[in-house]
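Reading through the structure tokens given below for one structure.
The values are calculated or read from the model by the stated rules, or taken from the named source; none is laboratory data. These numbers were taken from a predicted model, which means no experiment stands behind them. Cβ atoms come from the backbone with ideal geometry, glycine included; neighbour counts cover every protein chain shown. SASA here: full protein model, heavy atoms, side chains in, ligands and nucleic acids out. Shrake-Rupley method; radii C 1.70, N 1.55, O 1.52, S 1.80 Å.
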Amino acid sequence: RLTDLLVGKLGVGPGDRVLDIGCGIGGPAIRLAQSTGASVIGISNGPGQVQQATRNAADAGVGDRVGFQCADAMDLPFPDNSFNAAWMFESIMAMPDRLAALRQAARVLTPGSRLVLTDVMTSSRKAARPQTIGPSPDQPAVTATAVRLGDYETLLPQAGFVPVELTDISAHTVERTLNGMWQRLTGNRERLASDFGSAVVEEYERVLPLLKAAGWGYGLIVATVRGK
């Protein structure tokens with residue numbers, strides 16, 4: 001449902017070229033291509049993720065319109081004005097510099113095109129302390145940091161974007177997810193440890209209470225590129 005929400009915010013269709021910055025193993029990019037007819041290029045800094053995403057696109061029958069490659073979001077290997085839409089779906093919080101990543105996205109997008117992203121938020125006056133999450137069988141450990149939703153009122157213009165929407169969707173996402181994960185973890189610990197290893201279970205037992213205590217939330221951000 002969240003993927004479909006973001007697809008709708010992008011507003012793309014056949015003939016559009018979309019950049020997925022931090023594509024993981026390709027699920028959202030594939031769904032985006034299937035539902036809109038757009039072409040998608042996804043990037044990840046994990047070779048294993050790129051390989052799996054490529055296989056997933058081929059299996060879904062969209063390998064001709066959805067491709068993946070290893071690349072650094074802080075230094076995108078694409079010319080200026082290469083795409084007319086982009087998203088960062090649960091990825092910008094793991095990048096070392098949000099502003100630099102946003103500037104790179106603005107550079108490769110055409111004027112007036114749309115960026116949609118989700119980010120981890122905190123309601124605290126101070127930014128939440130970084131938390132390391134993982135590893136899991138298909139994803140390496142990730143250190144995530146949170147910002148305030150209002151910080152994007154400054155970040156986006158600095159990067160070359162015009163803010164369109166800043167929405168707190170914590171109640172429908174992170175709160176429900178954290179509560180659900182904790183219930184599944186405590187109710188199925190032995191089976192999860194058998195499936196994924198005790199180290200992974202112990203890591204999530206450590207991290208989930210910290211995330212809940214830190215008051216982390218979840219934001220949806222939509223912006224358009226200023227004229228260049």
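In what sequence, highest mean first, do 186-193, 83-90, 162-169, 33-40 appear when ranked by Cβ atoms within 10 angstrom?
Details: 186-193: 12.1, 83-90: 23.9, 162-169: 14.1, 33-40: 19.6.
Sorting 186-193, 83-90, 162-169, 33-40 by mean packing, highest first, produces 83-90, 33-40, 162-169, 186-193.
What does the net charge come to around Phe78 if you take all other residues with beta carbon closer than 14 Å to its beta carbon, with K and R at +1 and D and E at -1?
-1
Which value, in Å², gives the accessible area per residue of the stretch 1-115 when a 1.4 Å probe is used on the protein heavy atoms?
I get 42 Å² per residue for the stretch 1-115.
Please compute P(r) over all alpha-carbon pairs of the stretch 1-97, binned at 5 Å starting from zero, and give each bin as a whole-number percent.
3, 15, 27, 26, 21, 8, 1, 0
Does the stretch 1-46 come out rounded, prolate or oblate, given a ≥ b ≥ c as the square roots of the eigenvalues of its C-alpha gyration tensor, rounded meaning a/c under 1.5 and, failing that, prolate meaning a/b above b/c?
Working: a/c = 2.02, a/b = 1.36, b/c = 1.48.
Oblate, since a/c reaches 1.5 and b/c is not below a/b.
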